[in-house]
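Only one structure is covered here, and it is reproduced in the block below.
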Amino acid sequence: MAEDKKNQKKTSKTPAKAKKSSAAAASDQTQNQGPGFGIEKLFLRDVSVEVPNSPEIFTIHDAPLIDIELNNSAVPISDGYYQVSLQVTVKAMQGEQTAFLIDVTQAGIFTLKNVPEEGIEMVLAITCPNILFPYAREAISDLVVKAGFSSVLLNPINFEALYMQQKEDQAAGNAGKAN
C-alpha cells in the first residue's frame, strides 16, 4: 500500500511536469514572437571638460548663465542591435567669459526584436534617450563639481515632446516646400 502511494505521487507529478514544460515552451514562443526591447550596454562614449578662463573665472562671483544643447543619434549595429548616443553640452557664462564647457556623450547598445518598423524610430528617439539621460545628467553634475564649480543639476527632459515637436517641424517644412 505504501508502494501504491509512492507510485501515485510519481505518476501525478509526471503530467504536471509535462504541463509546465509545454506551458514554458508556449511562453518562450510568445516571447520570441512578441516585441522585445533590451539594454545590452550603457557607456560614456565621449567626455570633454573645458575651463578656458581659469583661474581668473573663480574670482567672479556672479551666478552663471547656463545653456544646454542636446543631440540624439541612433545607428544600427547589426540585426536588431542599435547604438544610441545622447550628446549633452552644457556651457556656463559669467558675464562675457565662459566659465566652463562640458560635453558628455552617453551611449548605449539596445536590442529591438519584432518591433514594427513604424515603432522603431520612436523607441530610438524617445525610450532610449529617456534611459540614457539620467546617466549623462549624473556625469555632468560630477564633472562640474570636479571642475571647481557649484553643482549643476539638469532638469528632466521630455523626449516625447521633443520628438513630436521635431516631427511637426519636419511636416511644416515639407508642407512649405510643396507650396
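Here, each number is a calculation from the coordinates, and none is a lab measurement. As the structure is a computational prediction, the values presented were derived from the model and not from experiment. Here Cβ is always computed from backbone atoms with ideal geometry, including for glycine, and neighbour counts include all displayed protein chains.
Filtering region 139-158 to residues that are touching a residue at least 60 places away in the same chain (Cβ under 8 Å) and either surrounded by 16 or more Cβ atoms within 10 Å (Cβ to Cβ) or closer than 13 Å to ILE68 by Cα (or both) leaves ALA139, LEU143, ALA147, PHE149, VAL152, LEU154, ILE157.
Of the residues making up region 136-179, those that are in a helix (DSSP H, G or I), polar (S, T, N, Q) and farther than 12 Å from VAL88 by Cβ are GLN165, GLN166, GLN170, ASN174. Cβ-Cβ distances below 9 Å connect the following pairs, each with a first residue in region 69-82 that is in contact (Cβ under 8 Å) with a residue 24 or more places away in the chain, a second residue that is assigned to a strand (DSSP E or B) and loosely packed, with under 15 Cβ neighbours inside 10 Å, and a separation of six or more residues or different chains: GLY80/GLY36; TYR81/GLU40; TYR82/VAL75; TYR82/PRO76. Residues that are out of contact with any strand residue (DSSP E or B) (no Cβ under 6 Å at 6 or more places or on another chain) and over 30 Å from PRO55 (Cα atoms) do occur in region 148-156, at least one of them. Listed conditions (1) in contact (Cβ under 8 Å) with a residue 60 or more places away in the chain; (2) part of a strand (DSSP E or B); (3) out of contact with any helix residue (DSSP H, G or I) (no Cβ under 7 Å at 6 or more places or on another chain) are all met by PHE58, apart from (2). Against the test of being in a strand (DSSP E or B) and in contact with a Pro (Cβ under 9 Å, 6 or more places away or on another chain), the options PHE110, PHE100 yield a single qualifying residue, PHE100.
Only one of the numbered conditions (1) over 17 Å from the mean Cα position of the chain (by Cα); (2) closer than 30 Å to ILE60 by Cα; (3) not aliphatic (A, V, I, L, M) is not met by PRO156, and that is (1).
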